[in-house]
Structure formats: C-alpha cells, structure tokens
Amino acid sequence: MEVTVRPAQKEDARTVAEYALKLFEQHREYDPERFVRLGNLEGAEWFYGSRNDTVDSVVMVAEIDNRVIGFAYMLYEKINYPDLLENALRLEDIYVDESARGKGAGKALMSAAVEKAKQFGADKLVLTVAAKNTFAREFFSRNGLRETMVEMTLNLTD
C-alpha cells in the first residue's frame, strides 16, 4: 500500500469536504467556545473544490489504492501585514482519515506542502494548530516545524 499525493480534482471535492467537516468537529471538541460550527457539506465542497482555481492556493489529496484518504489545503501569502509574514505558504488544513493513519499519508502531505512552498517561491511554511491537539503538535515538530506563536481567546459572552 503506497501513498500517493496529487492535486485535488473537482471530483474529489465531496470527499475533501467530508474530511474537512471531521477536522472542524475535531476542533469543536477541543474548544467549542473558540471554534464555531461554521461548515456544512455543500459549503465545504464548494470552498475546497474551488481552491485549485486560484493562483495562490492549492488542495492536495493523499491516496492509497486510488482511494482518497486525506488532504491538505495551502495558501501562499506574499505579504500578510497582521501576521508580520511575507513570502510564506500557510498550511491551513491537513487531515488524514482515521482508518489510514500510521501509513505515511501525513508525512507525504507534509512533503507535498514543502514542495508546493518551493514552487510558489516561498521561503517558509507556517501553520496553526489547536493547543489541545498534542498528536498534531508532535507530528509537526517531528517534521521540522517549531512553535512561534500562541493564540489566546477571551470569550465575551455569558
């Protein structure tokens, strides 16, 4: 079972959206006050299905035996003033189906993200990760990323 990674096609949008909704729910479980239930299948399918039509973003999918088992969504930012960031590829989302974890898909998607960063001419790859997602934080550290920011939230409702 070899993992392959390729750019997502329109016909992958529904599967990517289903995985994105699982990722959204995972974040809600970490902190429902911070992460709202924003997504629905149709909206997520439209969003991720349209990202490869832009010049600054890309969705990649990981496959095993021609079955999509994960995805990564990346956005190139030439300049981002609020984040004091320039010439970076932002890894917005990365998700591997639970049934396929431990088979190298996450590492393959990370490698694809690094290659995409280089293709965009980026000199860094950045991402954010939920504070309670220790598995992902360790995964990213093992793949060479280091912590640089901490997001803090103040809930303004009762």
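Laid out as a table, the results:
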read-out	value
Residue among ASP83, ASP97, ASP65 with the largest mean-square fluctuation in a Gaussian network model of the chain, springs linking Cα atoms under 10 Å	ASP83
Least to most buried among LEU109, LEU127 (fewest other Cβ within 10 Å first)	LEU127, LEU109
GNM result for the chain, Cα springs below 10 Å: residue of PHE135, PHE35, PHE47 fluctuating most strongly	PHE135
In the range 44-138, trypsin sites (Lys or Arg not before Pro) in a DSSP loop with at most 16 other beta-carbon atoms within 10 Å	ARG101, LYS132
Segment ASP123-ARG14, length gained on full extension (0.36 nm per residue, minus Cα span)	36.1 nm
Residue-averaged [θ]222 nm for the chain, counting only DSSP H segments that reach four residues, each worth -39500 (n - 2.57)	-10500 deg cm²/dmol
Tensor-based shape of the range 58-158 (alpha-carbon gyration tensor, a/c under 1.5 rounded, otherwise prolate or oblate)	oblate
About the Cα centre, charge dipole magnitude for the chain (Lys/Arg +1, Asp/Glu -1 at Cβ), debye	420 debye
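Every read-out reported here was derived from the displayed coordinates using simple, explicitly stated rules and does not represent laboratory data. Owing to the predicted nature of the structure, the values given are computational and were not obtained by experimental measurement. Positions of Cβ are backbone-derived with ideal geometry, glycine not excepted, and every protein chain shown enters the neighbour counts.
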